[in-house]
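Asks: Please find one structure pasted underneath; my questions will follow.
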Amino acid sequence: MTSDQRYTGRAEHEALAAKQAQLGRSEATCAALIPITKSEAWWGLTQDERREIFEERSHHIAIGLEYLPAVARRLHHGRDLGEAFDFLTWFEYPEESRAAFEELVARLRLTPEWEFVEREIDIRLTR
């Protein structure tokens, strides 16, 4: 399911919406589906503590903004439904933005937030 943006403030939401490309663009011939499960330690934190790690320390939104509009994305939440993964992140990008997408993912995986990722699967697709 899609859900409210749990760790995004209004200004960040508006900045993302202003730069975000639509999914399904004809030039976006590459895609990635990355399901992620966070640790119980993550879920044991308060909303404010998670936000502090997510953005103030890891700069997750700020990093993502650097790669818009080339890399479009949508986040789905599974935890509230009892699914195997807490988050399903779908990305679409044109072939010429492949290196930028790889850089984006690499940068996010180096953040303090990523220390709470217990499991991920990285699925790549092209058409």
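The values are calculated or read from the model by the stated rules, or taken from the named source; none is laboratory data. Keep in mind the model is a prediction, meaning the values are calculated, not measured. Using ideal geometry, Cβ is built from the backbone for each residue, glycine included, and neighbour counts are taken over all protein chains shown.
Asks: Can you pull out the residues in region 58-77 that are outside any helix (DSSP H, G or I), of a type outside the set (Phe, Trp, Tyr) and in contact with a Ser or Thr (Cβ under 9 Å, 6 or more places away or on another chain)?
Replies: Taking region 58-77 first, the residues outside any helix (DSSP H, G or I) are 58-59, 67-77.
Applying the additional criterion that residues be of a type outside the set (Phe, Trp, Tyr) yields 58-59, 68-77.
The answer is 58, 59, 70, 71, 73, 74, 75, 76, 77.
Asks: Does residue 90 satisfy being farther than 20 Å from residue 16 by Cα and either under 13 Å from the mean Cα position of the chain (by Cα) or not in a helix (DSSP H, G or I) (or both)?
Replies: Values: farther than 20 Å from residue 16 by Cα: no; either under 13 Å from the mean Cα position of the chain (by Cα) or not in a helix (DSSP H, G or I) (or both): yes.
When the stated conditions are applied, residue 90 does not pass them.
Asks: From the residues in region 19-42 that are under 17 Å from the mean Cα position of the chain (by Cα) and assigned to a helix (DSSP H, G or I), which one is nearest to residue 80 (Cα to Cα)? Before you say what the answer is, go through the steps one by one.
Replies: Of the residues in region 19-42, the ones under 17 Å from the mean Cα position of the chain (by Cα) are 19-23, 30-39, 42.
Next, only the ones that are assigned to a helix (DSSP H, G or I) stay: 19, 42.
Values: 19: 28, 42: 15 Å.
Here the answer is 42.
Asks: A further question on this structure: If you take the residues in region 69-127 that are of a type in the set (A, V, I, L, M, F, W, C), in contact with a Lys or Arg (Cβ under 8 Å, 6 or more places away or on another chain) and over 22 Å from residue 24 (Cα atoms), which one is modelled with the lowest pLDDT? Before you say what the answer is, go through the steps one by one.
Replies: Taking region 69-127 first, the residues of a type in the set (A, V, I, L, M, F, W, C) are 70-72, 75, 81, 84-85, 87-88, 90-91, 99-101, 104-106, 108, 110, 114, 116-117, 121, 123, 125.
Next, from what is left, pick out any that are in contact with a Lys or Arg (Cβ under 8 Å, 6 or more places away or on another chain): 72, 85, 87, 90-91, 116-117.
Cutting the leftovers down to over 22 Å from residue 24 (Cα atoms) gives us 85, 116-117.
Numbers: 85: 93, 116: 98, 117: 98.
Residue satisfying both the conditions and the ranking: 85.
Asks: For residue 58, only one of the following conditions fails: (1) under 21 Å from residue 124 (Cα atoms); (2) touching a helix residue (DSSP H, G or I) at 6+ places or on another chain (Cβ under 8 Å). What is its number?
Replies: (1)
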